[in-house]
Each structure stands twice: as structure tokens, then as C-alpha cells.
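Comments concern the structure below.
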Amino acid sequence: MSKANQIIVALDVPDKERAITLIKQLPSVTFWKVGLELFVSCGPVILEILKSHNKKIFLDLKFHDIPNTVIGACRTAAGYGIDLLTIHSTVGKDALKAAKDSINEGATTANVQPPKLIAVSLLTSISASQLAFELKIPLEVPEYSLHMVLMAKQAELDGAVCSPQEVAQLRDICGKDFLLVCPGIRPNWAARGDQKRTLTPFQTIQAGADYLVIGRPITAAIEPEVAWQKVCQELSSIVP
Ligand SMILES: O=C(O)c1cc(=O)[nH]c(=O)n1[C@@H]1O[C@H](COP(=O)(O)O)[C@@H](O)[C@H]1O
């Protein structure tokens, strides 16, 4: 896979019109992420728009609820014919397993390929001190992330969303077939904003990520095409 195809751009915009503008401005982006903001605004029609442009789709709705509710949500989402879908690891192992089963059911009923279900381990916006003092989790970040990712693996999910700072350890332990998707990517020239556990695109691919999720450094740039090219350029020096 070319390095540019390992970049998923987050379509975090408030409406369909702005989404279409970005899709057209960045024709060489092959994989887009639809998150809560855009999906709440325009619903599944955005998925049809992306498909009509032959794009791959990461539907990032980060489900977090009781098993019965996540089962229903995953079943319906799987019927959209998307590529990746998120659920929070903190729903627990039983709900993760049930969600995974319902994905297969939903895709079969709709006669589409099932999306890969990936678990969010610990949001990249949470710092070590927030984990300890706000969430009161008595584990260090790498230990907690590993625990959440292993739970997802035991529940037979396809992969996890993790911070670039933990991906090397997770790759070593989870092996090459477990999908590791990293947001919290910040090129040296981009503002960190609300992201806490970040690395650069180059460092994150070198550490073993399958995919990078990048939003504002590209989409909020004055010239998104230039920012996209700069990221691709940064990755082009990586020897496969
Ligand atoms: O699941 C995600 O994609 C996700 C998980 C996480 O831990 N951190 C995280 O930033 N994300 C998403 O990744 C994107 C990052 O966007 P930027 O911070 O603008 O690059 C956003 O759409 C977030 O919703």
C-alpha cells in the first residue's frame, strides 16, 4: 500500500456542503473519516456521497452503551457498506463480542462486506495526569491502553484506535494482523490543539501504525492541498 493510502483524513466539518468542498479540494485522498459532527448534521447521505466518489469510509461514531444498544447500532451501521467502524473498549468484553457478531449479521442482511470493527483504547486527548487524577485510573497510560486493546483482541475485534505514543508497544504485542489506527498525528509545523499524546506522521508510521487519522493539520490549513502534499512528502522517505 502506498503511504498516501495509509492516511485517513477526518471530515470534521459541520455540513454536507463543506464536506463536498473538501472532498473535491483533495482528490488524491482515498480514505475519509466521517465522525460525530458530520454524521449528526447530515446522516447516512454523506456515506453515499463518499461512495459516489469511490472513497473508502471510516465511520467513527465511537459507540458507547449497553450491549443491546451497541448491538443494534453496529448492525445498522454495518449495513451501510463502510470500511471501518469504532466502538469504545470501555463498553466491556461482552458488549464488544456481541457488537462484532452483530456487524456480521448486519452486513449479511444488507449484502455488503462487513466493516472492520475497531476499539478506541484511550482518547488521544487524555493526558497521563488526566488519566490519574480525573478518571482515577490507577495505571500508567501504556499499561491502561494495552489492557483495553487486549480486551478488544480477546473479543475478536479487528483492531484498535490508539495514540501514536503507544503504537510501537501495541504492534509488538498484538502482531502484524491486528489493525492499529492512530489519530493524534501532528506534523512539526501543525498546532497540537486539544491533542495530548501525539507524534509526527513519519514517527507514527515508523512505530508500526497501519493508518494515520489526520484532521485539522490538513482540513483547517489555509491551503489543504499544500498541507496534504507536505504530509505525503514527509512519509515518502520511509523505506517499506
Ligand atoms: O476514533 C478516532 O478517530 C479518534 C480517537 C482518538 O483517540 N482521538 C481522536 O482524535 N480521534 C479522532 O481523530 C480525529 C483527529 O482530528 P485532528 O485532531 O483534527 O487531527 C478527530 O476526528 C477525532 O474524533
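Throughout, read-outs are computed from the coordinates displayed, never taken from laboratory work. Since the model is a prediction, treat every value here as computed from it, not as a measurement. Neighbour counts are summed over all protein chains in view; Cβ atoms, including those assigned to glycine, are modelled from backbone coordinates with ideal geometry.
Total residues in the range 94-138 satisfying the condition of being surrounded by 14 or more Cβ atoms within 10 Å (Cβ to Cβ), assigned to a loop (DSSP other than H, G, I, E, B) and not small (Gly, Ala, Ser): the figure is 8.
One line per residue, one yes/no per condition, for (1) buried (at least 23 other Cβ atoms within 10 Å of the Cβ); (2) free of Cβ contacts under 8 Å to residues at least 60 places away in the same chain; (3) in contact with a His (Cβ under 9 Å, 6 or more places away or on another chain); (4) within 21 Å of Ser2 (Cα to Cα):
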| residue | (1), (2), (3), (4) |
| --- | --- |
| Glu166 | yes, yes, no, no |
| Cys174 | no, yes, no, no |
| Gly193 | no, yes, no, no |
| Pro201 | yes, no, no, yes |
| Gly215 | no, no, no, yes |
| Lys230 | no, yes, no, yes |
| Ile238 | no, no, no, yes |
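Filtering the range 9-65 to residues that are assigned to a strand (DSSP E or B) and surrounded by fewer than 18 Cβ atoms within 10 Å (Cβ to Cβ) leaves Lys56, Leu61, Lys62.
Taken over the range 187-240, residues that are near the ligand (Cβ under 9 Å from one of its atoms) and part of a loop (DSSP other than H, G, I, E, B) amount to 9. None of Phe58, Phe133 is hydrophobic (A, V, I, L, M, F, W, C), within 28 Å of Glu166 (Cα to Cα) and touching a residue at least 24 places away in the same chain (Cβ under 8 Å) except Phe58. Taken over the range 72-93, residues that are hydroxyl-bearing (Ser, Thr, Tyr) and surrounded by 18 or more Cβ atoms within 10 Å (Cβ to Cβ) amount to 3.
Once the range 111-169 is narrowed to residues that are touching a strand residue (DSSP E or B) at 6+ places or on another chain (Cβ under 6 Å) and of a type in the set (Gly, Ala, Ser), the residue that is nearest to the ligand (Cβ to nearest atom) is Ser121.
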